[in-house]
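So the structure is just underneath, and the comments pick up after that.
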Amino acid sequence: MRSLLTVFVSLCWLLAVHIQAQVETVTYNKDPNGNPSDLPVSLRHIEASLRFEPENWQVFGDVEIRFVPMGYQTDSIIFFTPGFDLERVLINGISAQYRTTGSSTVIFPDAGIQKGEEYILSMTYSSKPVATGIYFVGWKLFEEGKRKSIWAHRPFGWLPYMDGRVTMDIRITFDNNFTVFTNGTRISVKDNHNGTSTWHYRLAQNHPYFSTALGISNYEFKSEKTSRGVPLELLYYKGMEEKVAPTYQYTQKMFDFFEDEMGLPYPYDVYREIPVSDYMYGGMECTTSTIFGDYMLIDPRAYWQRNYINVNAHELAHQWFGDYIGHLAHQDVWLTESFGTYYAKIFERSVFGEEYYENLVMQEQAAALQASKVNSYPVWSSRGGRERIYDKGSVVLGMLRDVMGDREFRDAVRSYLLKFGYGSAETQDFIRTTYDVTGRSYDWFFDQWIRRPGEPHFAVSYRELDDTNGIRSTFIRIEQIQPVNDLTGLFRVPVWLQVWYTDGSADSIQVWAEKKVEEIRVPNQGKKKLDYLLFDPGNHVLKRVTFNKSTQELFAQVLRAQHLSDRYDALVALRPVALEEKRDILIRSYENESFHLTKSEILRQLSADSLSGTRELFRLAIYDPDAEVRKTVLMVLNPIPVSLKPDAETLLHDSSYLNVELALDKLSRQFPEDVSGYLDLTASETGWRGKNIRMKWLQISIEHWKLERLQELISYTAPNQDFETRMNAFNTLKQLGYIDETIAANAKEASRHWNNKLAGVAQAFLAFFAQIDEYKELTND
């Protein structure tokens, strides 16, 4: 008996071990920002009266905040109050105790406050915030001559802040000579008959408190309405009305597109767009009132450098994804940024076409794949970085749409918006919505693309074989060769395969690549001659691919592939091929192309060719209607052939400011005997923001001993200039190797600026001269 018992126990133990070995363990990296903030109270409404002393960078406020305790015991309420000096704090009219520590104020409510009851917290204060969310531009004496403004894209430093969703009534009293904007509908503008007016704005629907904006300057605005009648206010500075049309083009079309795509009307009562100076980003999705950098307030010639279309669409999409629905924790920020990036991208496709869209997808994919070489964070991570939270997430949403199908994807988005509107959501909420709408689980998709890091790397090859019956087939081998670990495994990916034949026909098949190695058979009934083979035609899947093709196959793909991305991939693969072997194919391909990406790649590969046929191609490119193609000519022709000199000189009058700068620089350096003429031709040109042409003009003039022009260049480093002009001036002086006390002082001030782009350039400028012994004393602060 003891022997039988021992055997039985041993078998049970072995069975338990076997079962345990079969249990799959799911592993994710823990995100330090994976939990939402603790909320002792729920904010309901903000009533604020504000005035400013901009010369002192000072805010004066009286604020009433309606709130409801979330718990049965609320012993403290914490607000973010950087630079605040509190005069009084009341709860329901009775003084409350509080303590200010650093940038926070802790308020200790009476022990009698009840869960679920509404209370009014009143705060009277002044604040002198330093670069914490509100910015005073042009008010200091050393900024004299600069446009005066006050702006904020967050409530930090001018309103007491804690996380929550609120409705708002904000009244701002300010100088009659300025126009004031914040969130919501403008209720009234009251003349106080003392040189000031009080502007009253109301946001009747709740929104994320952190999306509170402010814009004060010499604004005017153009009023329009969407097709559905939503009022639009498109802001510009007085005297710049000609910039409204090129800056805000397609804005009305964006509303129609998004309302149709998302299946939900714009969720607020008004929409306005506010350009601000010295802005450190592109734009910010403040509810109903988007803030953006005024360097995108452009004329038509600046369109080619930096226009507002993508930023405009991205921030408008955020009114649904970000403001109407907020993300619950920072880990879920992709629900805001990936969606904003994706919808901006597909809007641009509706305007600029499929090749433009494919180029955007390739850029996003390249950014995501490069980020994976640096670290291993997923999209579902507060630490994922722009390349994942914006770019990879956008690509993944396109892939999800491919997997779900267009109608079900749109239904899921609409359901998500309706379910969580005027609230917040987390990643699982969106995943659950896709299940509720379709009845199918897409958890596998979100697990590999959102929750986990990494991307698949496919090694693809093929062979042609005839079976014993003489039937020919193409056997395509697909192997996943990415490293596999606890976080990143094999991917499950639907992918199309296309076998193209020399008669122009093709066999297509969609397969699920989900194993380590799989081989797909594609019958070739007529024993047609294979021309080239495509893995994922049109580049829908985020991936790395190793697929070695013959030169002849690449030639065929360059000339005949239907998608821009496939032709471009083949062109890139041809880079190592000898020029003599590919010249004719490249020229033929150029004649077939219309988009700048492929045209520019061809020009790069032909740039060293001196044959007359190639030079004629470059002559045509100089007159290409696309400024990006003309820019490529200037960048890759080293040197410009004398035979093309008269044609290149026409670019000194190009419609693109950037091309004028490049042409002036290149022609002046290559043909120094003609510099005076080139300077004369461009003497009246300034360029886009940053004065790019004028900066290059001054640099070349000074290099040719027109030293009296140095003072103008130095003046552009001063605090009364916009940040891009200052950046360009510092960089130009660095190239000239010149610094003096005035420049050093301006650089030190700029190195501490809130705009990190300007600060970074100024710091690099000072560091450069600090390495030179004779300038160390100037730069030692």
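Label sites at Leu707 and Leu530, each approximated as a point 7 angstrom past Cα along Cα to Cβ, lie 7.1 nm apart. Straight-line cross-link partners of Lys776 among the aspartates and glutamates, defined as a Cα under 16 Å from its Cα and at least 8 positions apart when in the same chain: Asp740, Glu741.
Shown here for the range 43-118: chymotrypsin sites (Phe, Trp or Tyr not before Pro) in loop regions (DSSP other than H, G, I, E, B) with at most 13 other Cβ atoms within 10 Å, namely Tyr72. Shown here: the range 401-474, whose C-alpha atoms stretch 65, 28, 15 Å along the first, second and third principal axes, sorted largest to smallest. Here the range 103-177 is assigned +1 on the Cβ of each Lys and Arg and -1 on the Cβ of each Asp and Glu. Its dipole about the Cα centre then comes out at about 380 debye. Give me the Kirkwood hydrodynamic radius of the range 457-525 in Å, from all C-alpha pairs, to one decimal place? It works out to 13.4 Å.
Secondary-structure-derived ellipticity at 222 nm for the chain, considering helices only, amounts to -11000 deg cm²/dmol, per-run term -39500 (n - 2.57) for DSSP H runs with n ≥ 4.
For the pair Ser550 and Lys515, the difference between a 0.36 nm per residue extended length and the Cα-Cα distance amounts to 9.9 nm.
Annotation for the range 260-308: chymotrypsin sites (Phe, Trp or Tyr not before Pro) lying in DSSP loop with at most 10 further Cβ atoms inside 10 Å of their Cβ do not exist. Taking only the C-alpha atoms of the chain, Rg followed by Dmax gives 30.9, 111 Å. Tell me, how many Å apart are the Cα centres for the range 35-78 and for the range 707-764? Rounded to whole Å, the Cα centres lie 40 Å apart. In order along the range 503-514, the Karplus-derived 3J(HN,Hα) couplings, from 6.51 cos²θ - 1.76 cosθ + 1.60 at θ = phi - 60°, round to 7, x, 8, 8, 10, 10, 8, 9, 10, 9, 7, 9 Hz, and Gly and Pro are given as x. Under the simplified labelling scheme, the Ile481-Asp406 pair shows an inter-label distance of 3.7 nm, with each label point 7 Å from Cα along Cα→Cβ. The gain in end-to-end length when the Glu749 to Glu24 segment is fully stretched comes to 255.2 nm, 0.36 nm per residue minus the alpha carbon separation. Here r is the Cβ-Cβ distance between Gln370 and Asn307 and R0 is 22 Å; the resulting FRET efficiency, rounded to 0.05, is 0.30. Scale the Cα Rg of the range 344-407 by the rule-of-thumb value 2.2 N^0.38 Å and send over the ratio, two decimals. The value comes to 1.18.
Put simply, when 572-579, 415-422 are sorted by average Cβ atoms within 10 angstrom per residue, most first, you get 415-422, 572-579. Accessible surface comparison of Arg410, Arg463, Arg165, probe 1.4 Å, protein chains only, largest first: the order is Arg463, Arg410, Arg165.
In the chain, the sites counted are GluC sites (Glu not before Pro) in DSSP loop states with at most 16 other Cβ atoms within 10 Å, and the longest stretch holding none of them, exclusive of the sites, is 145-513.
Could you work out how far the C-alpha centroid of the range 123-191 sits from that of the range 533-580, in angstrom? Going from one Cα centre to the other spans 53 Å.
In the range 157-293, a dipole from Cβ-located charges (positive for Lys and Arg, negative for Asp and Glu) runs towards its positive end, and of Ile187, Gly263, Leu234 it is Ile187 whose Cα lies farthest in that direction. For each pair in Lys696/Lys757; Lys30/Lys419; Lys243/Lys666; Lys140/Lys696, compute the distance between the two Cα atoms and list the pairs where it is over 24 Å. In this structure, Lys30/Lys419; Lys243/Lys666; Lys140/Lys696 lie more than 24 Å apart at Cα. Bridge orientation summary for the chain: considering DSSP beta bridges with both residues in this region, about 85 percent are antiparallel.
Structural descriptor for the chain: relative contact order 8 percent, calculated from alpha carbon pairs under 8 angstrom and at least 6 residues apart. Across the range 421-510, the relative contact order, built from alpha-carbon pairs under 8 Å that are at least six residues apart, equals 19 percent. The lysines within cross-link reach of Lys190, meaning a Cα-to-Cα straight distance under 24 Å and a gap of 8 or more places when in the same chain, are Lys148, Lys222, Lys238.
What residues qualify as long-range amide H neighbours of Ile187, i.e. H under 5 Å apart, gap of 5 or more or another chain, H built at 1.01 Å from N? Distant-sequence amide H within range of Ile187: His200, Tyr201, Arg202. Normalising by the residue count of the range 444-582, find the relative contact order in percent from Cα pairs under 8 Å and 6+ residues apart. The normalised contact order for the range 444-582 reaches 24 percent. Between Tyr435 and Glu64, the C-beta separation translates, for a Förster distance of 45 Å, into a calculated FRET efficiency of about 0.55.
What the Cβ-Cβ distance of Asp626 and Tyr501 gives, at R0 = 30 Å and to the nearest 0.05, is a FRET efficiency of 0.35. For the range 587-592, the Karplus equation 6.51 cos²θ - 1.76 cosθ + 1.60, evaluated at θ = phi - 60°, returns couplings of 5, 4, 5, 4, 5, 8 Hz by residue, with Gly and Pro reported as x. Mind jotting down the distance between the C-alpha centroids of the range 382-421 and the range 237-301, whole Å? For the range 237-301 versus the range 382-421, the Cα centre distance is 23 Å. Looking at the range 603-658, none of the trypsin sites (Lys or Arg not before Pro) sits in a DSSP loop with at most 16 other Cβ atoms within 10 Å of its own Cβ.
Using modelled backbone amide H atoms (1.01 Å from N, in-plane), which distant-in-sequence or interchain residues come within less than 5 Å of Ala425's amide H? Close amide H contacts, sequence-distant or interchain: Gly326, His327, Leu328.
The values are calculated or read from the model by the stated rules, or taken from the named source; none is laboratory data. Everything numeric in this text was worked out from a predicted model, so none of it was measured. For neighbour counting, all protein chains shown are included, and Cβ atoms are generated from backbone atoms with ideal geometry for every residue, glycine included. Please note that ligands, DNA and RNA were not included when accessible areas were found on the heavy atoms of the full protein model with its side chains. Shrake-Rupley method; radii C 1.70, N 1.55, O 1.52, S 1.80 Å.
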